[in-house]
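My questions will all concern the structure given below.
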Amino acid sequence: MARLLLFAMSMILVVAAAHAQNILMEMPKEFDSAREGTVAGKIDSIQYQSTTVGNPRKALVYTPPGYSKKKKYPVLYLLHGIGGDEKEWLKGGNPQRILDNLYAEKKIEPMIVVMPNGRAMKDDRATGNIMAPDKVAAFATFEKDLLTDLIPFIEKKYAVLSDREHRAIAGLSMGGGQSLNFGLGNLDKFAWVGGFSSAPNTKKPEELVPNPQDAKKKLKLLWISCGDNDRLISFSQRTHDYLFEHSVPHVYYIEPGVHDFKVWKNGLYMFSQFLFKPVDVAALPKYTVLGTPSATNIRSAQYPQVLPDNRVVFRVKAPQAQKVQIDLGKKYDMIKDTTGFWSVTTDSIGEGFHYYSLLIDNVALADPASETFYGMGRMASGIEIPFRGGGYYAMRDVPHGDIRIKRYLSKASNTWREMYVYTPPGYDASTQKFPVLYLLHGGGEDQRGWATQGKTNLILDNLIAEGKAKPMLVVMLDGNQGSPMGPGSMATAGDGFLKLFENELKLGAIPFVESSFRVQADAANRALAGLSMGGIQTLYAGVKNTDLFSSLGVFSSGWFANNATLSGPHYEFAKANSATINTNLKNFWISMGGEQDIAYKNCKIMLSKYDELGIKYQYSEYPGGHTWPVWRHDLFGFSQLLFK
C-alpha cells in the first residue's frame with residue numbers, strides 16, 4: 001500500500017510535465033485487453049527470403065486500424081528476448097491491444113509494427129540450449145538480415161515511408177540490446193531507438209555512441225527503460241550515465257518491476273506515444289516513475305533517489321513522528337502514508353555534493369539511509385547529485401594511489417593529532433622523493449573532508465594518469481585547534497587560532513611528514529592550499545612563510561573586510577615584503593564560486609588591496625557558490641599548476 005501511494009505521488013508530480021506530450025507516466029491497468037467498441041488492427045504472418053541466412057524466415061506484422069495501401073506509414077521494428085521468437089510479443093505482451101487502445105484514444109500515430117525472429121540462423125527456433133554460442137551469435141547476425149533482407153521486403157510489400165525519420169526500432173531484453181546496437185550503429189537507418197531492460201549483449205556505451213554530437217543531431221528519440229529490481233539494470237544504467245555525461249538527450253525511465261512483460265508492455269505503451277511526432281527534448285528527463293538510488297546511500301538503501309532532472313525523492317519511516325522535513329538549505333515538508341513512511345520530492349538540486357539533515361519533530365538527525373560525513377560541525381548526511389562535468393573525479397580504470405590515516409604526536413601542541421595522506425600510484429614500489437601539497441578544510445569540517453567529500457584521491461589519480469599533474473603527496477590536515485570553528489565564526493575572531501595553526505603546520509605536521517614519507521623537503525616542492533577557513537589559514541601561514549612554500553591556493557576565501565584585527569597585519573606584512581612574496585611564489589592562485597559564493601565580496605576587496613600593494617596572483621572563478629562541487633574543481637585546476 002505504501003509503495004502504491006508513493007507511485008501515485010510520483011505520477012501527480014510529473015503529470016504537469018507530461019501534459020505537453022499528453023503522456024501518462026504508466027500504462028493504466030488492463031490497457032492490454034480488448035475494449036468494447038475499439039477498432040482493431042490486423043496481425044499478419046509473413047515470410048521473406050533471407051540471403052543472410054540462406055532460407056525463408058518468418059515475422060509478424062501489425063497493421064493499424066483502417067490501414068490503406070493508398071497511404072504510407074512509418075514502421076516500428078519490435079524485437080523479442082533470448083528465449084523468444086517472432087511470436088513472443090504476441091503471446092506475452094498483447095502489443096496489438098495496447099496499440100489498438102492507444103489509437104482509439106488518439107495518442108499514437110498510425111504505424112506498422114514488424115515483429116521478426118531476431119535469431120538469424122537456419123534453425124531459428126527457441127528450443128534446446130538457448131544460450132548456446134551459435135544461437136547467441138545469431139542475434140548479432142540479425143543486424144545484417146534486418147538491414148539487407150527484412151527492411152527491403154517490408155518496404156516492397158507494405159505502403160511504408162522508407163526514410164530514417166519514419167523508421168524506429170525497439171526491443172525487450174536481448175532484443176533491447178539488439179535495438180540499441182543496431183539502431184545507434186545505423187543512425188542513417190533509424191531515428192527512433194528504444195531499449196526495454198536491455199541485456200548484456202548491449203555494447204559498451206563508448207561503442208554504442210562513439211560520436212555523441214552526431215547522435216544528438218540524428219536521433220529523434222532515444223529511450224532506455226528498466227525495472228528497478230531487474231538484475232540487468234546495470235547495463236541500462238551505464239548507458240544512461242554515458243549519455244548524460246556527453247549531453248545526448250534521452251529518456252531514462254525506471255519503474256517498479258523486474259525482468260518481465262509488465263515492464264516491457266509499459267515500455268511499448270510509453271515509447272510508442274513519442275514516435276513520429278515532434279519531441280520536446282527539454283521535457284525528456286521528467287519521464288520516469290522512480291529515480292536512481294544516490295551514490296551516497298548506504299549499501300542496498302533504495303532512498304534517497306535522484307531523478308533524471310535532479311529532483312530527489314526522500315523516504316523515511318517514522319510512524320510516531322508528528323512532523324518530518326528534509327533540510328537541504330531549503331526545508332521540504334514530507335507527507336506521511338498509512339504505514340508510517342514519510343516521503344517528499346524536492347525541486348531540482350544543483351549538481352555535486354550537498355549536506356542534508358532529516359528533521360524529525362524539529363530535531364536534526366542524520367538519515368539512516370545515507371552515508372554520513374563530518375560537516376556543519378557534526379556528522380551529517382550527504383547526497384551526490386550526478387554532475388555532467390564530473391568525470392575528472394569519477395572512478396576510472398587507471399592506477400590508483402592510497403589514502404593513509406596517520407596519527408602523530410605533535411611537537412607544537414604535545415597532543416596526538418590525525419592527518420589523511422594521499423600517496424600517488426607506485427609510491428611503495430618507488431625510491432623517488434615526491435613533492436607535497438598541504439590541503440586544508442573549511443569551518444565545521446576536519447581532515448576527513450578533502451578525502452571523502454572532496455574526492456582528492458580520484459582527482460589526483462585521474463590527473464596523474466593523464467599526465468596533467470605531477471605525482472605528489474597530498475597531506476590533508478586537521479585545521480581545528482581545540483574546538484572546531486563553525487562557519488562565520490572567524491569574522492569576529494582574533495588571530496590566536498591562526499597562530500596556533502601556523503605553529504602546528506611548521507613544528508608538527510611538516511616535520512612529521514618529512515620524517516615519515518619520502519618527500520622533497522624544500523620550498524620548491526611544497527604547496528599549501530585551503531578552502532574557506534582553510535583559505536584564511538593559507539593566507540596567514542602561507543604569505544608569511546614563502547620561504548617554505550612555492551605555491552599557495554586560496555579557495556572561496558578572503559580576509560574579512562570588517563575585521564582589521566586579522567587583515568591589517570597581513571596587509572602591512574604584504575606591503576613591506578611584496579618583492580619577496582612575488583619572487584618566492586610561483587603560483588598564488590585565488591578562486592571563487594562566483595557571486596553566489598558567501599566569501600565573494602570579501603575576496604574582491606582583498607584582491608583590490610593586493611592590486612594596490614602590487615601583490616601578484618592568479619584569479620579563477622567557477623560557478624556554484626560556497627560548495628564542494630566548486631572546491632573539487634579548484635583542486636582539479638590548482639594541482640595541475642604545481643611543481644612544474
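The values are calculated or read from the model by the stated rules, or taken from the named source; none is laboratory data. As the structure is a prediction and not an experimental result, all values here were calculated from the model. Glycine also receives a Cβ, built like all others from the backbone with ideal geometry; neighbour counts cover every protein chain displayed. Surface accessibility is based on the protein's heavy atoms, side chains included, excluding ligands, DNA and RNA. Shrake-Rupley method; radii C 1.70, N 1.55, O 1.52, S 1.80 Å.
For the list (1) out of contact with any Phe, Trp or Tyr (no Cβ under 6 Å at 6 or more places or on another chain); (2) free of Cβ contacts under 8 Å to residues at least 24 places away in the same chain; (3) among the aliphatic types (A, V, I, L, M); (4) open to solvent by 60 Å² or more (accessible area, probe 1.4 Å), I need the number of the one condition that Ile335 fails.
(2)
If I filter the range 423-435 for residues that are within 25 Å of the chain's Cα centre (by Cα) and open to solvent by less than 40 Å² (accessible area, probe 1.4 Å), do I get at least one hit?
The answer is no; no qualifying residue exists.
Name the one entry in Leu208, Leu243, Leu187, Leu232 that is open to solvent by less than 20 Å² (accessible area, probe 1.4 Å), modelled with pLDDT of 95 or more and over 20 Å from Leu79 (Cα atoms). Before you say what the answer is, go through the steps one by one.
On the way: Leu208 fails: over 20 Å from Leu79 (Cα atoms); Leu187 fails: over 20 Å from Leu79 (Cα atoms); Leu232 fails: over 20 Å from Leu79 (Cα atoms).
Going through Leu208, Leu243, Leu187, Leu232 in turn, just one is open to solvent by less than 20 Å² (accessible area, probe 1.4 Å), modelled with pLDDT of 95 or more and over 20 Å from Leu79 (Cα atoms): Leu243.
Here's a follow-up. Restricting to the range 74-95, name every residue that is under 16 Å from Asn266 (Cα atoms) and surrounded by fewer than 21 Cβ atoms within 10 Å (Cβ to Cβ).
Leu90, Lys91, Gly92, Asn94
With respect to the numbered conditions (1) modelled with pLDDT under 95; (2) at negative phi, which one is the sole condition not fulfilled by Asn462?
Status for Asn462: all satisfied but (1).
Quick one: in the range 526-544, which of the residues that are open to solvent by 10 Å² or more (accessible area, probe 1.4 Å) and not hydroxyl-bearing (Ser, Thr, Tyr) is nearest to Asn577 (Cα to Cα)?
Just the residues of the range 526-544 that are open to solvent by 10 Å² or more (accessible area, probe 1.4 Å), to begin with: 526, 532, 540, 544.
Right, trim to not hydroxyl-bearing (Ser, Thr, Tyr) and you get 526, 544.
Numbers: Arg526: 20, Lys544: 9 Å.
That would be Lys544.
Among the residues of the range 514-558, what is the count of those that are over 24 Å from Gly637 (Cα atoms) and within 36 Å of the chain's Cα centre (by Cα)?
1
So, in the range 280-312, exactly how many residues are farther than 22 Å from Glu371 by Cβ, of a type in the set (A, V, I, L, M) and buried (at least 17 other Cβ atoms within 10 Å of the Cβ)?
3
A further question on this structure: Within the range 410-439, take every residue that is part of a strand (DSSP E or B) and aromatic (Phe, Trp, Tyr) and give me the one that is nearest to Ala521 (Cα to Cα).
Phe434
I'd like the full set of residues that are more than 18 Å from Glu86 (Cβ to Cβ) and either open to solvent by 10 Å² or more (accessible area, probe 1.4 Å) or in contact with a His (Cβ under 8 Å, 6 or more places away or on another chain) (or both), limited to the range 160-184.
Correct list: Val160, Leu161, Ser162, Asp163, Arg164, Glu165, His166, Arg167, Asn181, Leu184.
Give all pairs with beta carbons closer than 8 Å in which a residue from the range 532-548 that is closer than 19 Å to Leu507 by Cβ meets a residue that is of a type in the set (Ser, Thr, Tyr) and assigned to a helix (DSSP H, G or I); count only pairs at least 6 apart in sequence or on separate chains.
So the pair list comes out as Thr546/Thr580.
Residue-wise test of (1) at pLDDT 95 or above; (2) part of a loop (DSSP other than H, G, I, E, B).
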{"position": "Gly444", "(1), (2)": "no, yes"}
{"position": "Lys468", "(1), (2)": "yes, yes"}
{"position": "Pro484", "(1), (2)": "no, yes"}
{"position": "Glu502", "(1), (2)": "yes, no"}
{"position": "Leu505", "(1), (2)": "yes, no"}
{"position": "Ala524", "(1), (2)": "yes, no"}
{"position": "Leu528", "(1), (2)": "yes, no"}
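For residues in the range 352-405 being of a type in the set (A, V, I, L, M) and over 29 Å from Phe341 (Cβ atoms), which is most open to solvent (accessible area, probe 1.4 Å)?
Filtering the range 352-405 for residues that are of a type in the set (A, V, I, L, M) and over 29 Å from Phe341 (Cβ atoms), the one most open to solvent (accessible area, probe 1.4 Å) comes out as Met395.
Follow-up. Residues in the range 617-629: is at least one open to solvent by less than 30 Å² (accessible area, probe 1.4 Å) and touching a Leu at 6+ places or on another chain (Cβ under 7 Å)?
The answer is no; no qualifying residue exists.
How many residues, within the range 339-380, are touching a helix residue (DSSP H, G or I) at 6+ places or on another chain (Cβ under 7 Å) and either in a loop (DSSP other than H, G, I, E, B) or closer than 16 Å to Asn310 by Cα (or both)?
Total satisfying the criteria: 5.
Tell me yes or no: at least one residue of the range 585-592 is open to solvent by less than 60 Å² (accessible area, probe 1.4 Å), at pLDDT below 95 and not in a helix (DSSP H, G or I).
Among the residues of the range 585-592, not one is open to solvent by less than 60 Å² (accessible area, probe 1.4 Å), at pLDDT below 95 and not in a helix (DSSP H, G or I), which makes the answer no.
Kindly provide the set of residues from the range 560-570 that are out of contact with any Phe, Trp or Tyr (no Cβ under 8 Å at 6 or more places or on another chain) and either part of a strand (DSSP E or B) or not β-branched (Val, Ile, Thr) (or both), ordered by number.
Phe560, Ala561, Asn562, Asn563, Ala564, Gly568, Pro569
Tell me whether the range 138-153 contains one or more residues that are within 25 Å of Asp260 (Cβ to Cβ), among the β-branched types (Val, Ile, Thr) and surrounded by 14 or more Cβ atoms within 10 Å (Cβ to Cβ).
Among the residues of the range 138-153, not one is within 25 Å of Asp260 (Cβ to Cβ), among the β-branched types (Val, Ile, Thr) and surrounded by 14 or more Cβ atoms within 10 Å (Cβ to Cβ), which makes the answer no.
State whether the residues of the range 244-257 include one that is over 21 Å from Phe190 (Cα atoms) and among the charged types (D, E, K, R).
yes
Determine, yes or no, whether Val113 is of a type in the set (Val, Ile, Thr), surrounded by 14 or more Cβ atoms within 10 Å (Cβ to Cβ) and in contact with a helix residue (DSSP H, G or I) (Cβ under 7 Å, 6 or more places away or on another chain).
Working: of a type in the set (Val, Ile, Thr): yes; surrounded by 14 or more Cβ atoms within 10 Å (Cβ to Cβ): yes; in contact with a helix residue (DSSP H, G or I) (Cβ under 7 Å, 6 or more places away or on another chain): yes.
Criteria met by Val113.
List every residue pair whose Cβ atoms lie under 6 Å apart, where the two residues are 6 or more positions apart in sequence or sit on different chains, the first residue falls within the range 440-465 and is farther than 20 Å from Arg526 by Cα and open to solvent by less than 10 Å² (accessible area, probe 1.4 Å), and the second residue, located anywhere, is at pLDDT below 95 and part of a loop (DSSP other than H, G, I, E, B).
Gly444/Met376; Gly444/Gly377; Gly444/Gly486; Gly444/Pro487; Asn462/Arg396
While we're here: Any chance the range 313-328 includes a residue that's buried (at least 20 other Cβ atoms within 10 Å of the Cβ) and assigned to a loop (DSSP other than H, G, I, E, B)?
Checking the range 313-328: not a single residue is buried (at least 20 other Cβ atoms within 10 Å of the Cβ) and assigned to a loop (DSSP other than H, G, I, E, B).
Okay, moving on. Return the pair list, or none, for Cβ contacts closer than 9 Å from residues in the range 584-600 that are at positive phi to residues that are part of a loop (DSSP other than H, G, I, E, B) and open to solvent by less than 10 Å² (accessible area, probe 1.4 Å), at least 6 apart or on different chains.
Gly594/Gly625
Quick check on the range 595-610. Is at least one of its residues in contact with a Lys or Arg (Cβ under 9 Å, 6 or more places away or on another chain), farther than 18 Å from Leu440 by Cα and hydrophobic (A, V, I, L, M, F, W, C)?
Within the range 595-610 (the criterion being in contact with a Lys or Arg (Cβ under 9 Å, 6 or more places away or on another chain), farther than 18 Å from Leu440 by Cα and hydrophobic (A, V, I, L, M, F, W, C)), the answer is no, since none of the residues qualifies.
Now for a separate question. Give the number of residues within the range 601-616 that are touching a residue at least 12 places away in the same chain (Cβ under 8 Å) and either over 30 Å from Glu351 (Cα atoms) or crowded, with 18+ Cβ neighbours inside 10 Å (or both).
9
While we're here: Using the structure shown, decide if Ala576 is aliphatic (A, V, I, L, M) and either at positive phi or over 41 Å from the mean Cα position of the chain (by Cα) (or both).
yes
Moving on to the next point. Show the residue pairs meeting these rules: Cβ distance below 7 Å; 6+ apart or different chains; first residue within the range 209-229 and in contact (Cβ under 8 Å) with a residue 40 or more places away in the chain; second residue open to solvent by 50 Å² or more (accessible area, probe 1.4 Å).
Hits for this filter: Lys220/Glu165.
In the range 26-73, which residue that is assigned to a loop (DSSP other than H, G, I, E, B) and open to solvent by less than 10 Å² (accessible area, probe 1.4 Å) is farthest from Asp124 (Cα to Cα)?
Just the residues of the range 26-73 that are assigned to a loop (DSSP other than H, G, I, E, B), to begin with: 26-41, 51-54, 64-72.
Subset that is open to solvent by less than 10 Å² (accessible area, probe 1.4 Å): 31, 64.
Values: Phe31: 32, Pro64: 28 Å.
Residue satisfying both the conditions and the ranking: Phe31.
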